[in-house]
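These notes concern the structure reproduced below.
The values are calculated or read from the model by the stated rules, or taken from the named source; none is laboratory data. Only a predicted model underlies this, so the values are computations on that prediction, with no experimental measurement involved. With ideal geometry, Cβ positions are generated from the backbone for all residues, glycine too; neighbour counts draw on all protein chains shown. Side chains included, ligands, DNA and RNA excluded: accessible areas come from the protein's heavy atoms. Shrake-Rupley method; radii C 1.70, N 1.55, O 1.52, S 1.80 Å.
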Amino acid sequence: MRGVTVLAWLRANLFSSWPNALLTVATLWLLWRALPPFVDWAFLDAIWVAPDSKACRAAAGEGACWAFVAEKHRFILFGTYPYEEHWRPAAACAILVALWVASGLRRLWSWWLAPMWAAGLAAVGVLMWGGVLGLPFVENQRWGGLILTLLLTTFGLAIAFPVAILLALGRRSGMPVIQGLCVGFIELVRGVPLISLLFMASVMLPLFLPERVTIDKLLRAQIAMILFAAAYLAEVVRGGLQAIPRGQYEAADALGLSYWKKTLLVVLPQALRISIPPLVNTFIGFFKDTSLVLIIGLFDLLSTIKVSLTEPAWTGFGVEAYLFAALVYLVFCLAMSRYSQNLERELARAEAGRRT
Amino acid sequence: MRTIMLAAAASLALAAAPDRAAAQTMLAAVKAKGYVQCGVNTGLAGFSQPDSRGQWKGIDVDLCRAVAAAVFGDASKVRFTPLTAQQRFTALQSGEVDVLSRNTTWTATRDSSLGLNFAGVIYYDGQGFMVPRKLGVKSAKQLNGATVCVQPGTTTELNLADYFRANGMTFKPVVIEKLEEVLNAYFAGRCDVYTTDVSGLVAVRASRAPNPADHVILPEVISKEPLGPVVRHGDDQWFDIVKWTLFALLEAEELGLSSKTIEQNASSANPSIQRFVGATGDIGKMLGLDNRWAFNVVRLVGNYGEIFDANLKPLGFDRGINNLWTNGGLMYAPPIR
């Protein structure tokens with residue numbers, strides 16, 4: 001009986017037509033050719049621990065050298081942060097991830113998320129900078145690795161998002177000056193690639209400042225990233241705003257609500273809900289875009305990997321290194337996209353419940 | 001919102017540098033903030049590179065530490081700003097770093113029109129060629145018609161073309177952007193020759209070649225790449241400090257003073273050593289530093305030879321033209337007196 005169902009499933013899903021059957025066979029053949037060598041290389045013949053790179057070099061090309069990751073993982077994750085103090089960026093990463101997860105759980109959505117974020121970010125600041133509570137001071141030029149990627153993303157999105165909502169509202173506003181400013185800003189920033197904004201912030205901006213007044217490199221990069229994210233998010237939010245039926249605006253007006261009440265109570269909740277998929281899409285894109293800071297010499301996760309490959313003893317293990325980077329990015333991006341799918345489903349269910 | 005952010009940014013910057021009045025000398029500003037801010041390469045083996053524990057290592061890094069030792073008597077009072085090639089001069093011009101020690105070639109344009117001062121040469125580099133030994137090539141003059149692996153966008157490519165044209169030879173370039181890939185191409189035999197700075201060739205041969213003895217670096221060096229620390233125009237005292245810190249590293253080696261022996265030799269009767277360690281004369285005072293500045297540099301960082309042996313020798317570099325003038329090299333410090 002069971003065999004029949006499996007056959008039926010196969011026929012329905014994999015061999016439903018001639019082209020499908022051909023595709024299935026071709027895919028299976030490709031997997032059969034590619035998978036076993038990959039498994040051999042990545043797992044069976046791989047070198048997991050080695051005192052130095054000699055063992056890896058001896059096994060050149062036969063197996064992956066995960067000993068590279070084992071040797072360099074502290075540098076990759078924490079950059080040039082003082083070695084003995086690595087627990088601090090690790091704890092800061094954990095706090096940031098916890099904040100994101102907590103803000104993601106719908107049953108925790110309430111006003112106290114705001115003080116929680118404030119406290120969490122303060123704790124991250126104390127941990128990373130130190131200088132109080134007996135923690136030695138660490139200047140932010142030494143921050144690096146995963147924590148830098150997470151910080152750039154968190155602050156980038158957390159600040160850009162409210163700005164984006166204001167920009168989107170401004171773009172749809174009837175007041176010509178505000179509308180003009182918002183349109184001008186959005187189109188200007190969207191008209192140039194992120195990399196040129198970063199260059200502008202890191203190479204041009206310092207020349208405009210008075211002599212001996214410098215803005216920290218990390219802060220400059222962060223501001224450039226916020227401006228960039230704000231412009232893109234604003235267009236996403238505007239899409240959501242435009243999708244709200246006119247009737248909603250008119251109903252709110254008929255109730256006598258002021259502009260801000262109408263926006264906050266009627267329009268935005270609906271607009272943001274329909275914007276969730278494109279918002280998360282932009283978030284994921286932004287998370288990966290933070291890796292562009294490597295061109296201005298900031299040690300984010302991808303740069304630390306690149307730098308660890310420059311040590312002569314460990315050059316040449318680029319495949320292993322970048323696979324590790326891919327894995328870390330995959331974990332974060334997959335979590336974000338799975339979460340947004342769940343959220344969409346939950347909200348759709350809630351919506352359906354309200355309608356019946 | 002943006003105004004608030006900009007205001008916050010500006011106040012942060014001012015808070016970070018409360019005492020940077022325009023009239024202040026660099027030395028006073030550096031002393032007031034308590035550390036030397038040094039611009040280094042983001043990752044170049046032997047010159048400046050963070051190790052597995054995130055500690056900066058390399059000769060460029062040691063020069064920064066030496067300046068800190070001269071100014072503060074403490075080699076750890078230095079902070080490193082990793083800089084890309086595009087950022088480095090802006091970072092120096094805008095005051096983001098006090099010294100740029102980032103394998104930077106000393107050229108007339110940079111020294112004059114960019115508003116920079118080169119404080120000397122810490123490593124004499126130059127472009128060279130590496131070929132597999134089995135080709136039997138003994139000189140770059142025999143490379144007519146060769147396939148050459150090269151990275152684009154730098155003077156390397158131009159020097160290569162100039163050299164072949166000047167010698168009436170032809171070549172087929174294989175231009176690949178990424179170091180990783182250009183090396184793979186060379187070691188896979190896609191080209192007969194790989195060209196970059198000799199320091200790069202040495203490091204690649206030692207670290208990447210399956211058997212380093214299978215590859216030879218040809219004797220011809222086709223360009224001059226003197227690498228050295230840089231400061232910006234406008235503060236001659238700071239320029240002198242960096243320049244003489246570099247000379248102190250060379251002078252110490254010439255006098256036979258090393259980090260291990262300088263404490264015992266400090267009481268030597270040799271007048272040069274007496275002046276060097278600050279027992280006689282006021283050299284330190286003239287520079288605006290403690291008279292034991294050079295003593296501290298050598299005690300805490302070492303002499304040039306020690307720095308070279310610690311950072312470059314393990315990668316397979318030999319001293320060559322970077323030897324002292326007394327040993328047939330180009331490293332020559334004016335007398336410290």
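Only helices at least 15 Å long along their axis, Cα-based, and averaging 0.5 or more on Kyte-Doolittle count here, so list those DSSP H runs from chain A.
A:18-39, A:66-78, A:87-104, A:113-129, A:146-171, A:176-190, A:217-243, A:276-289
Compute the distance from the alpha-carbon center of region B:59-122 to that of region A:176-205, in whole Å.
Using only Cα atoms to place each centre, the spacing works out to 32 Å.
Can you list the lysines whose alpha carbon sits under 23 Å from that of residue B:138, skipping same-chain ones fewer than 8 residues off?
Answer for residue B:138, where 23 Å is the Cα cut-off: B:172, B:224, listed by chain and number.
For the interface of chains A and B, what total accessible area is buried with a 1.4 Å probe, rounded to the nearest 100 Å²?
So the buried area, both faces added, is about 3800 Å².
What ranking of A:203, B:67 comes out by heavy-atom accessible area, probe 1.4 Å, highest first?
A:203, B:67
What is chain B's relative contact order, in percent, from Cα pairs under 8 angstrom and six or more apart in sequence? Before the final figure, lay out the partial values.
Values: 590 pairs, mean separation 70.0, N = 337.
In percent, rounded to a whole number, it is 21.
In what sequence, largest accessible area first, do B:60, B:111 appear using a 1.4 Å probe? Spell out each step's value before the answer.
Working: B:60 5, B:111 40 Å².
Final ranking, largest accessible area leading: B:111, B:60.
From the gyration tensor of the Cα coordinates in chain A, what semi-axes in whole Å does the equivalent ellipsoid have, largest first, with each one equal to sqrt(5λ)? Could you put the intermediate results ahead of the total?
Details: eigenvalues 316, 235, 80 Å².
The answer is 40, 34, 20 Å, longest axis first.
With the full set of protein chains in place, find how many percent of the accessible area of region A:46-169 is carbon and sulfur; take the probe as 1.4 Å.
For region A:46-169, the apolar C and S fraction of the accessible surface comes to 73 percent.
Compute the semi-axes of the equivalent ellipsoid of the protein assembly as shown, taking the square root of 5 times each eigenvalue of the Cα gyration tensor, and list them largest first in whole Å.
That gives 51, 36, 23 Å for the three semi-axes.
I'd like the mean, over residues of B:89-97, of how many other protein chain beta carbons sit within 10 Å of each residue's own Cβ.
5
Can you compute the helix-only [θ] at 222 nm over chain B? Use -39500 (n - 2.57) per DSSP H run of at least 4 residues, normalise by all residues, nearest 500 deg cm²/dmol. Could the numbers behind the result be given before it?
Working: 14 runs with 132 residues, N = 337.
Value at 222 nm, helices only: -11500 deg cm²/dmol.
Among B:184-194, A:292-302, how do they line up from the highest to the lowest mean number of other beta-carbon atoms within 10 Å?
Sorting B:184-194, A:292-302 by mean packing, highest first, produces A:292-302, B:184-194.
Kindly rank A:105-111, B:256-262 from highest to lowest mean number of other beta carbons found within 10 Å of each residue.
B:256-262, A:105-111
Provide Rg over Rh for region B:127-223; use the alpha carbon set for both Rg and the Kirkwood Rh (inverse mean inverse pair distance).
On the way: Rg = 12.0 Å, Rh = 13.1 Å.
We get a ratio of 0.91 for region B:127-223.
Within chain B, what percent of beta bridges assigned by DSSP are antiparallel, to the nearest 5?
On the way: 19 of 35 bridges.
In chain B, DSSP labels about 55 percent of beta bridges as antiparallel.
For a quick size check, give me the Cα extents of region A:1-41 along its three principal axes, largest first, whole Å.
That works out to 39, 26, 9 Å along the principal axes.
For a quick check: with amide H placed at 1.01 Å from N, whose amide H comes under 5 Å from residue A:81's, ignoring anything fewer than 5 positions away on the same chain?
Correct list: A:144.
Which is farthest toward the positive dipole end of chain B among B:160, B:248, B:73, measuring Cα position about the Cα centre, with Cβ charges +1 (Lys, Arg) and -1 (Asp, Glu)?
Positive-end residue among those listed: B:160.
In whole percent, what relative contact order does region B:127-223 give with Cα contacts below 8 Å and a gap of six or more residues?
Values: 158 pairs, mean separation 47.4, N = 97.
Dividing the mean separation by the residue count of region B:127-223 yields 49 percent.
How many angstrom lie between the Cα centre of region B:305-321 and the Cα centre of region A:12-75?
39 Å
In debye to the nearest 20, how big a dipole does region A:143-356 give about its Cα centre with +1 on each Lys and Arg Cβ and -1 on each Asp and Glu Cβ?
The dipole magnitude comes to about 640 debye.
Can you give me the relative contact order of chain A as a percent, contacts being Cα pairs under 8 Å and 6 or more apart?
18 percent
Can you bin every Cα-Cα distance in region A:82-138 into 5 Å intervals starting at zero and give me the percent of pairs per bin, rounded to whole numbers?
Using 5 Å bins, I get a P(r) of 4, 19, 25, 20, 13, 10, 6, 2 for region A:82-138.
Peptides B:83-89, A:233-239, A:254-260: what's the order by average Cβ count within 10 Å, highest mean first?
Packing proxy ranking, top to bottom: A:233-239, B:83-89, A:254-260.
Percent antiparallel among DSSP beta bridges with both residues in the protein assembly as shown, to the nearest 5?
Roughly 50 percent of the beta bridges in the protein assembly as shown run antiparallel, per DSSP.
Can you give the angle from 0 to 90° between the axis of helix B:2-16 and the longest principal axis of chain B, with both taken from C-alpha atoms, to the nearest 10?
Result, in degrees: 70.
Leaving out ligands and nucleic acids, and using a 1.4 Å probe, what accessible area per residue does the protein assembly as shown come to in Å²?
Each residue of the protein assembly as shown exposes 47 Å² on average to a 1.4 Å probe.
Compare A:272, A:28, B:289 by solvent-accessible area with a 1.4 Å probe and give them largest first, with all protein chains kept in place.
Listed by decreasing accessible area, they come as A:28, A:272, B:289.
What 222 nm value per residue comes from the helices of chain A, counting each DSSP H run with n ≥ 4 as -39,500 (n - 2.57) and dividing by all residues, nearest 500 deg cm²/dmol?
-22000 deg cm²/dmol
When you look at the Cβ of every residue in A:293-301, what mean number of other chain Cβ atoms sits within 10 Å?
Across A:293-301, the average partner-chain Cβ count within 10 Å equals 4.
Remind me, what semi-axes does chain B give for its equivalent ellipsoid, largest first in whole Å, using sqrt of 5 times each Cα gyration tensor eigenvalue?
Each semi-axis is the square root of five times an eigenvalue, giving 38, 27, 17 Å.
What's the carbon and sulfur percent of chain B's accessible surface, probe 1.4 angstrom, rounded to a whole number?
53 percent
Residue A:72: which lysines have alpha carbons under 30 Å from its alpha carbon, excluding same-chain residues fewer than 8 sequence positions away?
Cα-Cα hits under 30 Å: A:54, A:217, A:288, A:306, B:57, B:77, B:178, B:313.
Can you list the residues of region A:210-249 that have at least 40 square angstrom less accessible area with all protein chains present than in their chain by itself, probe 1.4 Å?
Buried on complex formation: A:212, A:214, A:217, A:219, A:223.
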